[in-house]
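Beneath this line is the structure, given in structure tokens, with notes to follow.
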Amino acid sequence: MAAILEKLNLKKELQNHFGFDSFKGRQEEIIQSVLDGKDTLVIMPTGGGKSLCYQLPAMILEGTAIIISPLIALMKNQVDLVRSYCENDEVAHFMNSSLNKTQTKKVKADLVAGATKLLYVAPETLTKQENIDFFKELKISFVAVDEAHCISEWGHDFRPEYRRIRVMIEEIDNSIPIIALTATATPKVRLDISKNLQMEEPIIYVDSFNRDNLFYEIDAKGTREEGLTKVVKFAKQYEGKAGIVYCLNRKSTEEIAEMLRVNGINAAAYHAGMDSAVRTKTQDDFIMEEVDVICATIAFGMGIDKPDVRYVVHFDIPKSLENYYQETGRAGRDGLPSHLYALFSYKDIEKLEKLMRDKPVAEREIGSQHVMEVVGYAETAECRRKFLLHYFGENYDAKGCEKNCDNCKNPKEKIEGKDDILLTLKAIDSLDENFKINYIVNVLTGAKAQEILTFKHDKNQYYGKGSEHDKTYWNSIIRQAMLNNFIYKEIENYGILKLTDAGRAFMKKPKSIKLSINHEFNTESSGAIASQTGAVDNVLLKVLKDLRKKVAKKHSVPPFVVFQDPSLEDMATQYPITVAEFEKITGVSKGKAMRYASEFSDAIKKYVDENNIDRPDDFVVKSIVKKSVLKVYIITNIDKKIPINTLADNKNLSLAEMYHEIETIVSSGTKVNIDYYIDELLEDWQKEEIYDYFREAETDSLEDALAELGSDDFELEDIQLMRIKFMSEMAN
Ligand SMILES: [Zn+2]
């Protein structure tokens with residue numbers, strides 16, 4: 001048998017079965033190893049051509065190959081893919097809980113007839129004795145364990161049932177060779193896999209995990225709002241390109257997708273809470289380029305292979321570097337430059353730690369170590385590529401990065417950390433190793449926290465000894481002391497800091513230690529990206545007001561129907577020129593921008609050119625997320641003819657505030673019909689008089705209107721209501 005196989009021309013087989021001319025990377029060696037019946041462990045990054053490593057041998061070898069995969073949802077796709085290369089459907093099948101009796105019968109018949117070369121199964125399928133008995137009767141060529149990292153508790157996707165695979169294989173036939181494959185495995189996970197599967201002297205193939213075309217960047221998230229703004233600004237740089245934004249929860253996916261849409265980016269949310277038809281459509285839209293950006297929970301991206309994803313954003317830092325690597329790995333599969341941008345904050349880390357609190361101790365310990373690695377990655381001032389590849393057991397010379405990560409692009413100086421590490425360790429020791437990070441930081445910075453005063457630790461000899469640095473600095477020092485193994489967090493006690501032997505040794509004999517404290521991830525607002533409210537250019541404002549008059553006349557509407565004053569003021573600050581830029585101006589909807597932008601942009605462009613004005617290249621990000629939720633609420637309830645005073649009550653707003661909200665809706669281009677409400681309040685003649693007044697008015701001022709109409713017959717609020725009706729009908 002072996003002799004026959006040796007003579008095989010693998011390239012020819014590849015051409016015959018799959019129509020490819022050549023192998024990628026080390027595929028050929030791996031396939032040969034499987035054909036030779038050797039246990040084989042393949043670590044290959046996604047996109048490297050992993051599946052072919054078992055598909056081709058399955059086609060060549062006698063019998064059926066069993067492919068174990070945890071992704072039931074993707075099995076059908078995998079089967080379809082194999083079938084698409086063959087004449088008959090019998091060549092590949094899957095067997096899992098989704099099949100009914102008739103379907104299972106058909107699959108079994110094909111297997112018995114020897115027509116099936118690849119059988120995809122879930123690990124659960126192998127736990128059923130009747131299936132095991134059935135497989136015993138078949139000729140099994142080999143077993144492929146896909147996503148093999150699921151075997152290890154140290155992997156990011158541990159599946160207990162994976163640990164029983166070996167036992168089940170033994171029941172079928174002890175001599176079946178195994179090929180285990182994964183796209184992500186640290187050295188520890190690799191060892192776990194080969195041990196657990198009892199692979200016999202496995203041949204291990206590790207492809208380099210380096211992806212030259214990816215640019216790695218970590219940025220401080222700041223407050224949630226600041227983080228959202230950063231995501232929008234980032235996505236704006238790549239407008240029209242495909243991108244994925246990952247967040248931890250469903251709410252964020254929707255919020256970010258909406259925020260991106262509001263800022264003119266074609267985005268959609270994707271999460272497990274959505275209807276499956278909608279999910280499929282969203283995924284298809286992304287592949288077909290109907291949607292540019294997907295804001296997803298981590299569930300998105302498994303099994304989709306879109307080559308031209310130009311960026312991946314992590315709005316929330318992932319809970320392990322495996323997750324990070326896998327998710328970022330969905331960018332740039334076509335080999336072209338792609339940008340990975342992750343936002344980091346200590347608040348998010350605390351959130352991740354809280355999520356683990358209720359897990360069993362062992363799981364918590366593993367989880368918190370993963371989180372520590374993520375923190376280390378974020379804080380490091382070393383080459384990120386080097387850090388990441390080191391994590392996956394690969395030695396990488398940072399010189400090769402060639403400025404393709406933020407740290408290599410903007411290298412920062414390292415500082416001598418000896419004294420501050422020592423101070424930290426002494427403080428922890430003096431507090432009897434009984435406190436968590438925040439407490440230690442508070443002691444070092446001399447904070448007057450209630451807890452500290454209660455314990456009288458403001459009398460501790462190290463209290464305030466580090467006050468020349470801020471909390472971020474000391475947080476960082478403590479994290480680095482942990483990464484250097486001087487201290488550790490005791491998980492059972494919710495993260496109390498304890499000294500290690502190495503830490504005690506360091507205290508006795510401190511030595512130079514270079515630290516990179518450079519990355520400051522302030523949780524509190526840094527104010528760095530507070531909205532830029534530049535000064536209004538009054539000369540331009542005058543030009544725009546004159547233009548508004550002309551345009552109003554042309555369209556036979558009052559000037560304020562064209563644009564209201566706040567919109568003109570914003571234009572005289574931002575100098576918008578394109579329709580997209582106009583849409584970002586206060587109170588300007590898409591419709592309004594389409595209708596009026598051209599005349600105004602000509603004027604602004606002319607003004608900018610004549611006066612050599614530098615337009616702000618960084619556009620103010622529209623952040624109307626919360627407002628727009630209110631907006632939707634108002635519009636839907638007005639449609640239902642709910643009295644406006646009830647809406648105000650429900651939303652805890654004064655009537656004047658509610659009127660103002662409705663005006664904002666109307667002036668940015670949405671029509672609302674509030675007749676049902678006005679009819680309750682005003683007589684017909686009152687309505688007519690106010691309406692007629694606005695038809696002729698030069699300004700939309702309420703006070704002017706009241707002066708003209710007379711306060712004997714009219715209330716300010718009535719006029720305001722009619723103004724809403726007028727604007728809604730005239731402008732939209
Ligand atoms: Zn680098």
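General remarks:
- Once backbone amide H atoms are built at 1.01 Å from N, T500 has I487, Y488 as its partners under 5 Å, excluding neighbours fewer than 5 places away on the same chain.
- Scanning residues 5 or more positions from D219 or on other chains, those with amide H under 5 Å from its amide H are A342, L343, F344, with H placed 1.01 Å from N in the peptide plane.
- Rg/Rh for region 2-206, where both radii come from Cα atoms and Rh is the Kirkwood radius: 0.93
- Computed P(r) (all Cα pairs; the chain; 20 Å bins; percent): 14, 36, 31, 17, 2, 0
- For the chain, the residue among L35, V371, Y607 whose Cα projects farthest onto the positive side of the dipole built from Cβ charges is L35.
- Those aspartates and glutamates that a straight Cα-Cα span of less than 13 Å connects to K188, excepting residues fewer than 8 apart in one chain: E153, E322, E394
- Loop chymotrypsin sites (Phe, Trp or Tyr not before Pro), region 359-428, which have at most 15 other Cβ atoms in a 10 Å radius of their Cβ (DSSP): none
- Among beta bridges identified by DSSP and lying wholly in the chain, the antiparallel ones come to about 10 percent.
- Spatially, region 425-493 and region 252-280 are offset by 42 Å when compared through their Cα centroids.
- Computed over region 214-409, the percent of Cα pairs more than 31 Å apart is 16.
- In plain terms, the bigger the Kirkwood radius, the slower the diffusion; for region 625-730, with that radius from Cα pairs, at 20 °C and 1.002 mPa s, Stokes-Einstein puts D at 152 µm²/s.
- Put a dot 7 Å past the Cα of D546, heading toward its Cβ, do the same for D713, and the two dots end up 3.8 nm apart.
- Chymotrypsin sites (Phe, Trp or Tyr not before Pro) within region 193-273: DSSP coil, no more than 13 neighbouring Cβ in 10 Å: none
- Sites matching GluC sites (Glu not before Pro) across region 164-215 that sit in DSSP coil, with at most 13 neighbouring C-beta atoms within 10 Å: E200
- Using θ = phi - 60° and Karplus 6.51 cos²θ - 1.76 cosθ + 1.60, couplings along region 421-430 (whole Hz; Gly, Pro as x): 4, 4, 4, 4, 4, 5, 4, 4, 5, 5
- Lys/Arg +1, Asp/Glu -1 at C-beta; the chain dipole; positive extreme among L389, Y473, I690: L389
- Counting only alpha carbon atoms, the long axis of helix 716-731 and the longest principal axis of the chain meet at about 60°.
- Distance violations [Cα-Cα > 31 Å] among K50/K136; K306/K412; K233/K409: K306/K412
- Other-chain or far-sequence residues with amide H under 5 Å of Y120's (modelled H): I67, H93, F94, M95
Bear in mind these aren't lab numbers, they're just calculated from the coordinates by the rules spelled out. What you see is a predicted model, and the numbers here were worked out from it, not measured in a lab. With ideal geometry, Cβ positions are generated from the backbone for all residues, glycine too; neighbour counts draw on all protein chains shown.
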